[in-house]
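> Right, I'll just put the structure down here and ask away after.
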Amino acid sequence: MSTASLAVAPNNDLYLAWQVLRQEQPRLRARDAAERLAVSEAELTASRLGIDATRLRPDWAALLPALGELGYVMVLTRNEHCVHERKGHYREVTVSGQMGLVVSADIDLRLFLGGWASVFAIEEQGARGTQRSLQIFDRQGTAVHKVFLTEDSDLAAWAGLLERFAAPRQTPELELQPLPEAAPSAPDEAIDLESLRAGWASLKDTHHFFALLKKHGASRTQALRLAGRQWAEPLELAELPRLLERAGAQEVPLMVFVGNRHCIQIHSGPVRNLRWLDSWFNVLDPEFNLHLQTAGVRQLWRVRKPSTDGLITSWEAFDEQGELIVQLFGARKPGVPEREDWRALAEAAPAREL
């Protein structure tokens with residue numbers, strides 16, 4: 001732990017309240033503990049300064065490429081209802097302005113850096129020894145992305161990273177901001193259906209879909225409702241875990257996208273070890289874990305988008321607020337048509353009536 005972190009006295013009220021809560025519920029996650037204590041997770045993490053946390057400089061252009069020095073790590077990105085964990089190497093990192101990319105074969109990320117605000121290095125003692133992690137938070141204090149060291153990570157590189165990037169002032173102040181209000185979507189009757197459907201039919205790249213939504217002032221789920229069954233069909237919610245189970249049984253490799261407002265994390269490959277735990281559906285493979293709270297899924301859609309590589313089929317799950325929880329595609333590279341086994345699997349489930 002960097003000596004810079006010793007500047008903060010450990011006897012703060014928030015940290016002490018957290019320790020009382022941990023004694024009562026030892027397995028309580030930091031995210032849930034912060035909610036119980038009516039603070040953000042970033043504030044809870046900042047209360048650890050001088051104990052087992054070091055605040056780092058948010059120099060993303062230098063810090064993100066330096067994570068490759070750590071070797072084999074586990075990265076975690078989540079939203080309210082789904083957690084995506086992937087092991088591998090933080091390689092092939094590029095940062096351009098407020099956009100970052102990690103495009104190695106194992107760790108695949110899209111980073112929207114404009115909302116990133118603070119970053120901490122944690123060295124926490126637990127039953128299995130010391131757990132080391134780097135944790136990034138947005139301007140609302142919500143966790144954006146986390147990087148955990150594994151048994152095969154380079155501890156000398158970790159120590160060097162803390163020394164190079166430790167913030168000169170180890171202050172817990174975060175200057176949090178309220179979440180900006182989202183622009184309301186246009187009412188259905190204000191959407192030009194003919195233009196929306198024509199724009200959808202003329203898509204050349206799935207990445208252009210967001211621009212299509214913005215042009216028409218439509219939310220994502222609204223566009224799915226209005227596009228017509230040629231492009232989007234609602235599905236029964238119970239079909240989502242069934243699709244994962246069938247993909248595992250048939251060894252169909254997937255692309256699994258999970259994200260939040262500031263980070264999207266992608267797994268490309270098979271899913272094999274699938275298990276239920278209460279209402280959580282889990283993928284527990286050696287290098288990829290997914291934890292999906294199925295009770296949070298309120299809409300499930302089969303979506304088809306044209307592209308220069310042919311039709312691209314996805315399954316998209318949304319929560320009660322219309323926020324995207326998880327997207328599933330067949331594993332593919334740009335310039336390669338969609339896998340036939342994935343398309344057959346994705347099309348097999350019957351659509352439901354709205």
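The values are calculated or read from the model by the stated rules, or taken from the named source; none is laboratory data. Please read these numbers as outputs of a predicted model, since none were measured by experiment. Virtual Cβ from ideal backbone geometry, glycine too; neighbours counted across all protein chains shown. For accessibility, only protein heavy atoms count, side chains too; no ligands or nucleic acids. Shrake-Rupley method; radii C 1.70, N 1.55, O 1.52, S 1.80 Å.
> Quick one: with all protein chains in place, what share of the accessible area of the chain is carbon or sulfur, to the nearest percent (1.4 Å probe)?
Summing carbon and sulfur atoms, their accessible area is 51 percent of the total for the chain.
> Using helices alone, what [θ] at 222 nm do you get for the chain, with -39,500 (n - 2.57) per DSSP H run of 4 or more residues, divided over all residues and rounded to the nearest 500?
-7000 deg cm²/dmol
> Please grab the % of Cα pairs in segment 204-354 that end up more than 17 Å from each other.
Considering segment 204-354, 62 percent of its Cα-Cα pairs are separated by more than 17 Å.
> Okay, moving on. Taking every eigenvalue of the Cα gyration tensor of segment 151-216, multiplying by 5 and rooting it, what semi-axes result, largest first, whole Å?
That gives 47, 22, 8 Å for the three semi-axes.
> For E353, what is the net charge nearby, where nearby means another residue's Cβ is under 13 Å from its Cβ and Lys, Arg count +1, Asp, Glu -1?
Around E353, the surrounding residues sum to +1.
> Can you return the lysines within cross-link range of K215? Criterion is Cα-Cα under 22 Å, with same-chain partners fewer than 8 residues away left out.
The qualifying lysines are K204, K305.
> How big is the Rg/Rh ratio for segment 306-354, C-alpha atoms only, Rh by Kirkwood, two decimals?
1.02
> Taking segment 1-123, how much of its Cα-Cα pair set, in percent, is spaced more than 26 angstrom apart?
Roughly 31 percent, rounded to a whole number.
> When the solvent-accessible surface of protein heavy atoms is calculated with a 1.4 angstrom probe, in what order do R132, R164 fall, highest first?
R164, R132
> Return the tail of the calculated pair distribution for segment 95-245, meaning the percent of Cα-Cα pairs more than 17 Å apart.
Cα-Cα pairs in segment 95-245 separated by more than 17 Å: 77 percent.
> Could you estimate the translational diffusion coefficient of the chain from the Stokes-Einstein equation, with Rh from the Kirkwood formula over C-alpha pairs, at 20 °C and 1.002 mPa s, in whole µm²/s?
The calculation lands on 98 µm²/s.
> Oh, and also: With all distinct Cα pairs included, what does the Kirkwood hydrodynamic radius of segment 98-154 come out to in Å, to one decimal, could you say?
12.9 Å
> Scattering from the C-alpha atoms of segment 59-166 alone, worked out with Debye: what is log10 I(q)/I(0) at q = 0.13, 0.14, 0.16, 0.20 1/Å?
With one equal scatterer per Cα and no solvent, log10 I(q)/I(0) is -0.45, -0.53, -0.71, -1.15.
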